[in-house]
Amino acid sequence: MGLDLFKDKKSLSSSSLLSGSGNVENIHQPRRLHVRLMQWRYANDRADTKQVEIKLLEALGDMERQDLSPASKTKECSLSVIRRAPLMECAKAEQTVGLQSQLAEVAAQEKLLIEECLELLQTVSILQLES
């Protein structure tokens, strides 16, 4: 669909306005042009909606990467500290290991929830595009 939708199929002249068959064409031509304009607007709105949804999904992916990066770094740093810590106080080391494993579990659960959220948003996007 392009601008050719708005081009006149017949040029209007003063003689066609006075003739009987020209009046029918003059009545229907504005209606056809209006319908074409509505189709054009609808197509543009659909394209704009798709662009917005794509931008939102990209932003969600960026947020997910930003959210997972600090959690991974925290886990790596904690493991590094645990490995270097002197094990003189065995109870404290075991407690730290326990906390570290809890942190790893929370990070894994958070990752799963973020992935589930992304899947739900993609499903919503697909449903919106179908409607």
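Data overview
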| quantity | calculated |
| --- | --- |
| The stretch 29-83: number of residues that are touching a residue at least 60 places away in the same chain (Cβ under 8 Å) and either of a type outside the set (Lys, Arg) or closer than 22 Å to residue 101 by Cα (or both) | 5 |
| Residue count for the stretch 92-110, restricted to those that are in contact (Cβ under 8 Å) with a residue 12 or more places away in the chain and within 33 Å of the chain's Cα centre (by Cα) | 4 |
| Candidates 81, 35, filtered to the one that is modelled with pLDDT of 75 or more, of a type outside the set (Ser, Thr, Tyr) and in a helix (DSSP H, G or I) | 35 |
| Residue check, residue 7 out of contact with any Lys or Arg (no Cβ under 9 Å at 6 or more places or on another chain), at pLDDT below 85, charged (D, E, K, R) and surrounded by 12 or more Cβ atoms within 10 Å (Cβ to Cβ) | no |
| Check on residue 75, in a helix (DSSP H, G or I), of a type in the set (Lys, Arg), modelled with pLDDT under 85 and in contact with a helix residue (DSSP H, G or I) (Cβ under 9 Å, 6 or more places away or on another chain) | yes |
| Any hit, the stretch 113-121, residues being at pLDDT below 85, of a type outside the set (A, V, I, L, M) and assigned to a helix (DSSP H, G or I) | no |
| Residue 69 being loosely packed, with under 11 Cβ neighbours inside 10 Å, farther than 30 Å from residue 104 by Cα, modelled with pLDDT under 85 and hydroxyl-bearing (Ser, Thr, Tyr) | no |
| Which numbered condition residue 16 fails, given (1) closer than 24 Å to residue 131 by Cα; (2) surrounded by 11 or more Cβ atoms within 10 Å (Cβ to Cβ); (3) modelled with pLDDT under 50 | (1) |
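The values are calculated or read from the model by the stated rules, or taken from the named source; none is laboratory data. Quick caveat, the model's predicted, so the values are computed rather than measured. Cβ sites come from the backbone with ideal geometry, for glycine too, and all protein chains shown count toward neighbours.
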